[in-house]
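Everything on this sheet refers to the single structure shown next.
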Amino acid sequence: MTSLLSRLPQVRGDYHSAAALAQHTWFGVGGPADVLFCPLDTDDLTAFLQACPADIPVTVIGAGSNLLVRDGGVAGVVIKMNTHLTNISHSGTQITAQTGATDADVARYAQKAGIGGLEFLIGIPGTIGGGLRMNAGAYGSEFKDVTVTATGVTRQGEKLSATPVQMGMAYRHSAAPADWIFTAATLQGYADDPATIKARMKEIVTSRGEAQPRGVRTGGSTFANPEGTKAWQEIDKAGCRGLQIGAARVSDKHCNFLINTGGATARDIETLGETVRHRVQENGGPVLRWEIRRIGRDITPPDKTEVPQ
């Protein structure tokens, strides 16, 4: 992508042409980014956005834990936030974390600082930025409950600041404009005993390990829970536990998780998810809403056969 690189501004961070995004996602699938940009800091990101031509698409990713990159890759520039933008600090019972910081690292920082109320973050794979974008949650708490303000920049490089109300945060949803790029969040906790916080975090980690698949390539919860029911229950009732397309499989342990059993394509995984949605509706269930973010260009795949097991 030499021609694209020649149109991009000079930065202090790193550019990588034809970067293999499969290496940056938990599913381990997907095509390349035309260019991957890892900003060195917020100023570097802002300067890039201000100078980047408006016709060049810009996509932001974090840890890639709740992300499916399609097999055709992603056009334009993909900005990876969690290479450098990972600083965490606190003042009193408020924590300010850059959006490349992982949720788990923020939970551990809060525990050591004696700040309670953020233990649930240990159970969310991903980064603070992703948590803001989708109002991630676990174990009875979600980002909108603890976020004071989020800061960032627009696609044009203009600074912004917003509260959860201004971002329209609701269950697994944020109405923040798609071109907002969050750079930091201030989270509110409360003073608590570090040992007590640590014990609560241990309970969450244990519960998660018992309920969810581990040691496999997955993207976390696939679908948001519909009102009044659980996604996994609807999937199970529709007979989709263990359903397989290509090398993509519905987890036998927790059927709201899709697994790359080895060699799956992004098309395998997305087709499996859409097949599950269709079967749930056919079974009289609700329309399941994807919780996993899907980005990039599709390619025409060979036909795959469903193999329920």
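For the chain, list the DSSP H helices whose alpha carbon atoms reach 20 Å or more along the long axis and whose average Kyte-Doolittle value is -1.0 or above?
Qualifying helices: 194-211.
Normalised by the number of residues in the chain, what is the relative contact order in percent for Cα pairs under 8 Å and 6+ residues apart?
This gives 17 percent for the chain.
Between the range 91-152 and the range 232-286, how many Å separate their Cα centres?
Centre-to-centre (Cα) distance: 29 Å.
Working out 0.36 nm times the residue gap between Q23 and L5, then minus their Cα-Cα distance, what length gain in nm do you get to one decimal?
Value of the extension gain: 4.4 nm.
Can you give me the convex hull volume of the Cα atoms of the chain, divided per residue and expressed in Å³?
130 Å³
What is the fewest-to-most order of D71, D298 by other Cβ atoms lying within 10 Å of their Cβ?
On the way: D71 20, D298 13.
Least crowded to most crowded, the residues run D298, D71.
Listed here are the pairs K80/K112; K80/K202; K230/K253; K144/K198; which of them are more than 25 Å apart at the Cα? The partial results should precede the final answer.
Values: K80/K112 28 Å; K80/K202 30 Å; K230/K253 15 Å; K144/K198 23 Å.
Cα-Cα > 25 Å for K80/K112; K80/K202; rest within.
No solvent, one uniform scatterer per C-alpha: report log10 I(q)/I(0) for the range 1-95 via the Debye equation at q = 0.14, 0.15, 0.19, 0.25 1/Å, two decimals.
One equal scatterer on each Cα of the range 1-95 leads to -0.53, -0.60, -0.88, -1.32.
Divide by every residue of the chain the summed helix terms, -39500 (n - 2.57) for each DSSP H run of at least 4, and state the resulting mean residue ellipticity at 222 nm, rounded to the nearest 500 deg cm²/dmol.
Calculated mean residue ellipticity at 222 nm is -7500 deg cm²/dmol.
Before anything else, pin down the relative contact order of the range 78-233: Cα pairs under 8 Å, at least 6 apart, normalised by residue count, whole percent.
Contact order relative to length: 24 percent.
Restricting things to alpha carbons, find the Rg to Rh ratio for the range 214-295 using the Kirkwood radius for Rh. Could the numbers behind the result be given before it?
Numbers: Rg = 11.5 Å, Rh = 12.4 Å.
Value, to two decimals: 0.93.
Using DSSP, restrict attention to beta bridges with both residues in the chain and report what percent are antiparallel, rounded to the nearest 5. Walk me through the intermediate numbers first.
Values: 42 of 53 bridges.
Taking every DSSP beta bridge within the chain, about 80 percent pair in antiparallel fashion.
None of the figures in this text is laboratory data; all of them are computed from the coordinates on show. Treat the numbers as computed from the prediction; the structure is a model and nothing was measured. Here the Cβ is made from the backbone with ideal geometry for all residues, glycine too, and neighbour counts use every protein chain on show.
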